[in-house]
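Below you'll find the structure, written out as C-alpha cells, and then a few comments.
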C-alpha cells in the first residue's frame with residue numbers, strides 16, 4: 001500500500017490571541033519517518049494539533065499528496081487516514097483495554113476490518129491481549145502507551161502522528177515502544193514523530209526537524225545530523241546558521 005505524503009507550508013497557528021507557530025514549513029515523504037525535535041514549549045505539539053485541525057491555522061497551507069487540507073475538521077483528517085497518538089496517552093481509563101482498541105475502529109472506513117485489525121494489534125502487542133479484559137486505568141504507563149498506539153493502528157493510519165511516546169517511561173519500556181514504531185516503519189507507514197529523546201528519535205528517523213520558539217531552525221536528513229551540534233542548538237548553546 002502506498003502511504004501518502006504530508007506537507008506543511010509557512011503555517012502560523014496558536015491559541016486565542018497567542019501565536020505559537022511562526023511560518024513553519026516541513027514535509028514528510030511517503031513511507032518515511034520524520035522526527036520533530038525540540039525543547040518544551042518549542043511548538044511541536046501545536047504543530048501536530050494544527051495538522052489535525054485541533055488548532056486553527058491562521059495562515060499557510062497543509063497538504064496531503066498535493067491536495068489542500070488546511071482548515072479541515074479533525075474528523076475529516078481521520079477519515080483521510082491521518083491519525084494522532086496524543087501526548088499523555090489519553091486512553092479511556094474506565095473502559096477495558098479491548099474496548100479502548102475498538103474505539104479506534106469507529107471511523108466508517110476501518111469499521112469493516114475491526115476484527116482482523118484487532119488480531120493484528122494483539123499479534124504486535126501480545127501483552128494487550130493478555131490484559132484485554134482489564135480496565136485501562138489499571139495499566140502501567142508503558143502498557144497504556146501501547147493501548148494508545150494500538151488504538152491508532154486500529155484506525156488504519158495512512159499518516160501516523162505520534163506525540164512524545166517515551167514521555168515518563170522507563171528505558172526498557174522506551175525500547176519496547178520504539179521497537180513497535182520501527183515495525184511500523186518497516187511496513188512503510190508515513191510517520192511523523194515528536195520526541196525529546198534525541199538518540200532514540202534519530203535511530204528511527206529519515207529526516208529531522210528541530211524546532212525552537214515556534215520556528216524550524218534545522219532541517220536535515222538523519223544521516224547529515226551531527227548529534228553534538230544538534231544538542232548545542234537544542235539547548236540554545238549556539239544559534240542556527
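The values are calculated or read from the model by the stated rules, or taken from the named source; none is laboratory data. A quick note: this is a predicted structure, and the numbers were derived from the prediction, not measured. For neighbour counting, all protein chains shown are included, and Cβ atoms are generated from backbone atoms with ideal geometry for every residue, glycine included.
Structure values in brief
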{"item": "Any chance residue 87 is in contact with a helix residue (DSSP H, G or I) (Cβ under 7 Å, 6 or more places away or on another chain) and in the same structural domain as residue 129 (by TED's automatic domain parsing)", "result": "yes"}
{"item": "Breaking point among (1) modelled with pLDDT of 95 or more; (2) within 30 Å of residue 131 (Cβ to Cβ), for residue 3", "result": "(1)"}
{"item": "So residue 188, is it under 18 Å from the mean Cα position of the chain (by Cα), crowded, with 21+ Cβ neighbours inside 10 Å and under 22 Å from residue 28 (Cβ atoms)", "result": "no"}
{"item": "Selection from segment 132-167 of residues that are within 21 Å of residue 197 (Cα to Cα), in contact with a strand residue (DSSP E or B) (Cβ under 7 Å, 6 or more places away or on another chain) and in a helix (DSSP H, G or I)", "result": "148, 149"}
{"item": "Complete set of residues in segment 9-56 that are under 22 Å from residue 191 (Cβ atoms), touching a helix residue (DSSP H, G or I) at 6+ places or on another chain (Cβ under 7 Å) and part of a strand (DSSP E or B)", "result": "11, 13, 21, 24, 33, 35, 36, 37"}
{"item": "Residue count, segment 57-106 (criterion: in contact (Cβ under 8 Å) with a residue 60 or more places away in the chain, part of a loop (DSSP other than H, G, I, E, B) and within 18 Å of residue 146 (Cβ to Cβ))", "result": "4"}
